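A short worksheet on the structure shown next.
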2 protein chains.
Amino acid sequence: MSKVIFGVDLGGTTVKLGLFDAEGNMLDKWEIVTRKEDSGSHILPDIADSIKAKIEEKNLNAEDIVGVGMGVPGPVKEDGTVIKCANLGWGVFNVQDELAKLVNLPVRVGNDANVAALGEFWQGGGKGYRNMVMVTLGTGVGGGIIVDGHLIYGTNGSAGEIGHMKVEENETRVCGCGKKGCLEQYSSATGVVYMAHQILDNTDEPSTIRDIPNYEAKDIFECAKHDDPVALRCLNSLGKHLGIALANVACVVDPEIIVIGGGVSKSGQIIADAVHKYYTPNAFHACRDCVFTLAKLANDAGIYGGAKLVLGD
Amino acid sequence: MSKVIFGVDLGGTTVKLGLFDAEGNMLDKWEIVTRKEDSGSHILPDIADSIKAKIEEKNLNAEDIVGVGMGVPGPVKEDGTVIKCANLGWGVFNVQDELAKLVNLPVRVGNDANVAALGEFWQGGGKGYRNMVMVTLGTGVGGGIIVDGHLIYGTNGSAGEIGHMKVEENETRVCGCGKKGCLEQYSSATGVVYMAHQILDNTDEPSTIRDIPNYEAKDIFECAKHDDPVALRCLNSLGKHLGIALANVACVVDPEIIVIGGGVSKSGQIIADAVHKYYTPNAFHACRDCVFTLAKLANDAGIYGGAKLVLGD
């Protein structure tokens, strides 16, 4: 049989796992719960057990398996050292070596946003390109950078942390990272909902958003599709901050394609259009024709990327 | 004898040439005039003639020569195609192939700021590192990005064009690139002199700069060293714009070291200090300890980088 690869996307609530062939076809996928108790010490053994069970179920031989690639929610150095995964309870240690011992297979580990970018590059929105920037819009804003077909890790595992570019000088709110005025404060789902609250709670401006109890970002974008003026302002703010930030990213790495993913991107083309509108006039002239597209793999980008990580180039 | 390499730095006024051994020792350097007439059609033949004359002078055999590497003042794709070198009168063509035919040696070509970055990476301020960002402060602001030991070209030869990151939203002046609010408008020699003029021509603020006829950026920095308040404001503006921009660059590629070069950097440590002061609080926490240093090769960075370009990794 042809070789297979395990891709793992370790999140704060669930661990997604996938089995792939070397051509990038998904053969199976499943999930387990992320047990964060006891400083996250059960997480890697649980993942290893789940992989071993799948190996037995599928009657796989060790020589058929290329290895296990995994994205984790925190900065990861190229050697597999996790710097800090606060929401898993982990300190600094080499996840790659640890998991490799447990599964007795080659393991590669990367930051989750970076690994999702690699997945989109391999089998999603960036397929067929060599230089890609991916931005992931969810609770926060993450990113991943592919240069000449390779995922960039950076010195401290923080390449692609474009959510923490400073985009507003006079912000008084503090970002989760401790700085003020980070892109994530404006272009994440959280940032968009915050802006809607700012407008709706402090003015009498009419808006259909008011009719939605506990509205979320996706509700705001739905209202924007129906030309609600407050929703359009929120969408415009997301697009302006992200469009200019991506124009600045393009001055650094000059990508062929920019892929927009994460939960926010599920609201569709209006998101890409809102960003592109501000990217074009603010980009360096040579970079202006960069392709903009939405991510294609949705929640599976991380497991695809994990598989690609261990498969190599 | 050991192999030798030619490094060429093609500028708008002069062409600098150097002869290097494979260990990065400069064996010789010289200059010729850049003849821009006739749409720049004499430039490559002049360079080829100068190289051939040196080969004869030094009694070099073809098999002793690795090749010729050259930086040119404009965007260059990885295949050696020059997109536009307005100040040389050149259109779009493959400089690499053209020069290779003339000298009958392997040739590699890159953007001048990128190639200078490679020179500093090989034998200058970035020696011994793997991930470097260089920013060149002169008439404009250029840059170069080294990731995992490799120079990044980008899709359109525009990687490292950090002088054209948008850093001010409400600028009315137009940058040379056609946009408004580019880093280059504030952190170049030109930008600093412009700011001094703005203050001195429109106010009565006392300043020792007023005593210097036709003052240049280096005069302003000299006054800053003696605590002239207007000069200090100009220096602070350079540092603030560049420090924040570099913090944003670090979110993209997470370098180990940032090297500050170009004519402005000759004013010394006060430049690096002014930039570093704004870098640290604005950088993502994982990237905060990035090393800051001044370039070491001065005007020779380009010929060193040219040699390294053709030598490879």
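The values are calculated or read from the model by the stated rules, or taken from the named source; none is laboratory data. Nothing here was measured: the structure is a model prediction, and the numbers come from that model. Glycine also receives a Cβ, built like all others from the backbone with ideal geometry; neighbour counts cover every protein chain displayed.
Take segment A:240-256 and flag every residue that is within 7 Å of chain B (Cβ to nearest Cβ) and without any contact (Cβ under 8 Å) to a residue 60 or more places away in the chain.
At the first step, the residues of segment A:240-256 found to be within 7 Å of chain B (Cβ to nearest Cβ) are A:244, A:247-249, A:251-256.
Of everything in segment A:240-256, those that are within 7 Å of chain B (Cβ to nearest Cβ) and without any contact (Cβ under 8 Å) to a residue 60 or more places away in the chain turn out to be A:Ala247, A:Cys251, A:Val252.
Can you tell me which condition A:Ile270 does not meet? The list is (1) assigned to a helix (DSSP H, G or I); (2) in contact with a Leu (Cβ under 8 Å, 6 or more places away or on another chain); (3) surrounded by 21 or more Cβ atoms within 10 Å (Cβ to Cβ), and all the others hold.
(3)
Could we say that B:Ala301 is free of Cβ contacts under 8 Å to residues at least 24 places away in the same chain and either farther than 22 Å from A:Glu169 by Cα or part of a helix (DSSP H, G or I) (or both) here?
Values: free of Cβ contacts under 8 Å to residues at least 24 places away in the same chain: no; either farther than 22 Å from A:Glu169 by Cα or part of a helix (DSSP H, G or I) (or both): yes.
No: the conditions fail for B:Ala301.
Only one of (1) surrounded by fewer than 16 Cβ atoms within 10 Å (Cβ to Cβ); (2) without any contact (Cβ under 8 Å) to a residue 12 or more places away in the chain is not met by B:Arg173, so which one is it?
(2)
Looking at A:Glu205, is it in contact with a Pro (Cβ under 9 Å, 6 or more places away or on another chain) and more than 30 Å from B:Met134 (Cα to Cα)?
yes
Residues checked against (1) within 12 Å of another protein chain (Cβ to nearest Cβ); (2) in a loop (DSSP other than H, G, I, E, B); (3) touching an Asp or Glu at 6+ places or on another chain (Cβ under 8 Å):
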| residue | (1), (2), (3) |
| --- | --- |
| B:Asn87 | no, no, no |
| B:Asp97 | no, no, no |
| B:Gly119 | no, no, yes |
| B:Thr136 | no, no, no |
| B:Arg173 | no, yes, no |
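Return the residues of segment A:57-94 that are of a type in the set (Gly, Ala, Ser), in contact with a Leu (Cβ under 6 Å, 6 or more places away or on another chain) and either exposed (fewer than 14 other Cβ atoms within 10 Å of the Cβ) or under 20 Å from A:Ile152 (Cβ atoms) (or both); say none if nothing qualifies.
Listed by number, the list holds a single entry, A:Gly69.
Can you tell me which residue is farthest from the other protein chains (Cβ to nearest Cβ) among those in segment B:273-301 that are over 13 Å from the mean Cα position of the chain (by Cα), surrounded by fewer than 17 Cβ atoms within 10 Å (Cβ to Cβ) and of a type outside the set (Lys, Arg)?
The extreme case among them is B:Asp273.
Given the condition crowded, with 20+ Cβ neighbours inside 10 Å and among the aromatic types (Phe, Trp, Tyr), answer yes or no: does some residue in segment B:19-42 qualify?
yes
Hey, any hits in segment B:207-222 for a residue that's among the charged types (D, E, K, R), under 19 Å from the mean Cα position of the chain (by Cα) and in a helix (DSSP H, G or I)?
Looking through segment B:207-222, at least one residue is among the charged types (D, E, K, R), under 19 Å from the mean Cα position of the chain (by Cα) and in a helix (DSSP H, G or I).
Matching residues to (1) touching a helix residue (DSSP H, G or I) at 6+ places or on another chain (Cβ under 9 Å); (2) modelled with pLDDT under 95; (3) among the small types (Gly, Ala, Ser):
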{"residue": "A:Val4", "(1), (2), (3)": "yes, no, no"}
{"residue": "A:Gly12", "(1), (2), (3)": "yes, yes, yes"}
{"residue": "A:Leu19", "(1), (2), (3)": "yes, no, no"}
{"residue": "A:Gly40", "(1), (2), (3)": "yes, yes, yes"}
{"residue": "A:Ser50", "(1), (2), (3)": "no, no, yes"}
{"residue": "A:Gly71", "(1), (2), (3)": "yes, no, yes"}
{"residue": "A:Gly74", "(1), (2), (3)": "yes, yes, yes"}
{"residue": "A:Val109", "(1), (2), (3)": "yes, no, no"}
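Which condition breaks for B:Val167 when tested against (1) under 13 Å from the mean Cα position of the chain (by Cα); (2) among the aliphatic types (A, V, I, L, M); (3) at pLDDT 95 or above?
Condition (1) is where B:Val167 drops out.
For A:Val141, indicate whether it is within 11 Å of another protein chain (Cβ to nearest Cβ), over 14 Å from the mean Cα position of the chain (by Cα) and surrounded by 24 or more Cβ atoms within 10 Å (Cβ to Cβ). Please lay out each step first, then the result.
Numbers: within 11 Å of another protein chain (Cβ to nearest Cβ): yes; over 14 Å from the mean Cα position of the chain (by Cα): no; surrounded by 24 or more Cβ atoms within 10 Å (Cβ to Cβ): yes.
For A:Val141, the condition - within 11 Å of another protein chain (Cβ to nearest Cβ), over 14 Å from the mean Cα position of the chain (by Cα) and surrounded by 24 or more Cβ atoms within 10 Å (Cβ to Cβ) - is not met.
Does segment A:198-218 contain any residue that is among the small types (Gly, Ala, Ser), touching an Asp or Glu at 6+ places or on another chain (Cβ under 7 Å) and either crowded, with 19+ Cβ neighbours inside 10 Å or within 14 Å of chain B (Cβ to nearest Cβ) (or both)?
yes
Can you tell me which residues in segment B:54-74 are more than 13 Å from B:Leu10 (Cα to Cα) and not acidic (Asp, Glu)? Can you show your working first?
Step one: filter segment B:54-74 for residues more than 13 Å from B:Leu10 (Cα to Cα), giving B:54-67.
Result: B:Lys54, B:Ile55, B:Lys58, B:Asn59, B:Leu60, B:Asn61, B:Ala62, B:Ile65, B:Val66, B:Gly67.
So, in segment B:224-242, of the ones that are buried (at least 24 other Cβ atoms within 10 Å of the Cβ) and under 19 Å from the mean Cα position of the chain (by Cα), which residue ends up farthest from A:Lys180 (Cα to Cα)?
Going through the qualifying residues, I end up with B:Leu238.
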